Structure formats: C-alpha cells, structure tokens
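To start, the structure itself, in structure tokens.
What follows is calculated from the coordinates using simple rules that are stated; it is not laboratory data. Just so you know, these numbers come straight off a predicted model, no measurement behind them. Neighbour counts run over all protein chains shown; Cβ positions are idealised from the backbone, glycine included.
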Amino acid sequence: MPGFLDEAMQRQILEDVRQITRLAPLYAPMTRRGPMSVRMTSAGAFGWVTDRKGYRYESRHPQGTEWPPIPASILKVWDEVSGANRPPECCLVNFYGEGARMGLHQDKDEADFSQPVLSISLGDDGLFRVGGVERGGRTKSAWLHSGDVVVLRDEARLAYHGVDRIRFGTSPLLNQSGRLNLTLRVVT
Ligand SMILES: O=C(O)CCC(=O)C(=O)O
Ligand SMILES: [Mn+2]
C-alpha cells in the first residue's frame with residue numbers, strides 16, 4: 001500500500017519507536033551464521049530474537065527487561081489494513097544503516113499462518129524483493145518508501161522476501177540516514 005501513512009502519521013510512529021528504543025535499545029543480533037547487518041529490537045508480548053541457539057520469540061529483551069507495549073499509533077495501522085481478527089503480539093523494529101540488508105527468507109516462526117504479517121517502512125528507500133513460497137523461484141523487486149505499508153497474507157503469507165539495499169539520503173524523516181522497518185505479527 002504505497003504512501004499509506006501521511007507525514008504526520010509517520011512522525012507520530014517515529015516518536016513512538018524512539019520511546020521503544022529508549023526502553024529496549026537496538027542491538028546487533030547474532031545468528032548461527034554470523035552477525036546480522038540490521039540492528040533490532042521489539043515491542044509487544046513477544047520479541048523476535050536470534051543468537052547462537054537459533055531463531056525464536058522471547059518475552060524479554062536480551063538485557064533482561066520485558067518488551068515495551070506496542071504503541072497505539074502502530075496498532076491503528078494493523079486495525080485499519082491487516083484484516084486480521086487478532087491483535088499483533090510482536091512489533092519487530094529493524095534499523096538498516098550503512099551496509100545493512102536482509103537476505104531472502106520466510107517469516108515462519110509464528111504458530112498461525114492464517115494471521116497476516118504487516119510491515120511499515122520509515123526513512124530512506126529500501127529495495128524489497130519478494131518471490132513465491134519455494135526457495136529459488138522467480139522474484140520481483142520494488143522500492144519501498146517512507147510511509148509504505150506491506151501486508152503478506154493468504155497465499156503470500158509464506159512468500160520469500162528480503163531487502164537488497166537502501167538508497168541513503170532519500171528521506172528527510174529520520175535525523176540520520178538509514179531505514180526503519182516495523183514488522184507486526186501474531187505469534188501464538
Ligand atoms: O525490512 C523489511 O522491509 C522486511 C523485514 C523483514 O522481512 C523481517 O524483519 O522479517
Ligand atoms: Mn521477514
């Protein structure tokens with residue numbers, strides 16, 4: 001949904017994300033294959049985490065504190081566009097700085113794939129790639145801009161997707177260059 005969020009809504013959400021990161025700081029996650037290039041934190045009952053033990057949801061930040069609640073400004077977007085009958089239990093916050101990208105993957109650490117995944121882009125443009133449900137199939141790419149909303153649901157719920165690169169300096173929204181992405185998911 002290109003341009004779904006106007007500038008005032010983007011600024012409100014950004015303020016609320018800053019409050020999340022004050023309580024639950026962005027950190028550089030590890031995977032079994034090495035460090036991720038994005039920095040990450042979460043809000044909600046569960047946060048998505050990865051370390052040498054693998055991918056999973058946890059009810060606490062690695063620093064030991066509970067995740068902050070998902071802000072009303074972000075829940076409103078879910079209510080308006082997700083079509084879901086349950087509230088999101090996780091708002092994953094990804095920050096893409098210099099050199100950050102996200103390889104093609106499926107979102108499949110959740111229990112109920114009938115629930116959609118919704119993502120909000122803020123800040124600099126990101127080149128989003130999406131394919132089918134099989135690894136190695138054909139993919140299409142599109143630039144995501146600040147204020148765009150993507151919903152993966154139904155036959156697209158388990159589509160492979162990733163972010164190839166960021167075009168720095170394309171948005172004035174953040175006080176620094178980079179891209180923020182918020183991903184809302186029902187976990188249980
Ligand atoms: O940054 C994006 O647009 C996608 C993020 C994503 O796919 C994820 O966090 O699982
Ligand atoms: Mn994903």
### Message
Give the lysines whose C-alpha is closer than 25 Å to that of Lys53, dropping any in the same chain fewer than 8 places away, or say none.
### Response
Lys108
### Task
Identify which of Arg129, Arg56, Arg157 has the largest mean-square fluctuation in a Gaussian network model of the chain, with springs joining Cα atoms closer than 10 Å.
Arg56
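When only Cα pairs under 8 Å and 6 or more residues apart are kept, what is the percent relative contact order across region 107-155?
Computed over region 107-155, the figure is 46 percent.
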### Query
Where does the charge balance sit around Leu127 when Lys and Arg score +1, Asp and Glu -1, over other residues with C-beta under 13 Å from its C-beta?
+2
## Note on the structure
Partner aspartates and glutamates whose C-alpha sits under 16 Å from that of Lys76, ignoring same-chain residues fewer than 8 away, are Asp6, Glu7, Glu15, Asp16, Glu89, Asp148
### Task
Determine the gain in length on full extension of the stretch Arg165-Gln106; use 0.36 nm per residue of separation and subtract their C-alpha separation, reporting nm with one decimal.
19.4 nm
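Rounded, prolate or oblate, given the Cα gyration tensor of the chain, with a/c below 1.5 counting as rounded? If you can, show how the numbers build up before the last one.
Values: a/c = 1.10, a/b = 1.01, b/c = 1.09.
Verdict is rounded for the chain.
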#### Entry: Residue among Phe95, Phe168, Phe46 with the largest mean-square fluctuation in a Gaussian network model of the chain, springs linking Cα atoms under 10 Å
Phe168
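Could you calculate the contour length gain from Asp6 to Glu155, that is, 0.36 nm times the residue separation minus the distance between their Cα atoms, to one decimal place in nm? Walk me through the numbers on the way to the answer.
On the way: separation 149, 0.36 × 149 = 53.64 nm, distance 2.86 nm.
Gain on extension, Asp6 to Glu155, equals 50.8 nm.
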### Message
Tell me the mean residue ellipticity at 222 nm calculated for the chain from its helices only (DSSP H runs of n ≥ 4, each -39500 (n - 2.57), averaged over every residue, nearest 500).
### Response
-4500 deg cm²/dmol
### Task
With springs connecting C-alpha atoms under 10 Å apart, model the chain as a Gaussian network and identify which of Thr31, Thr41, Thr50 has the largest mean-square fluctuation.
Thr31
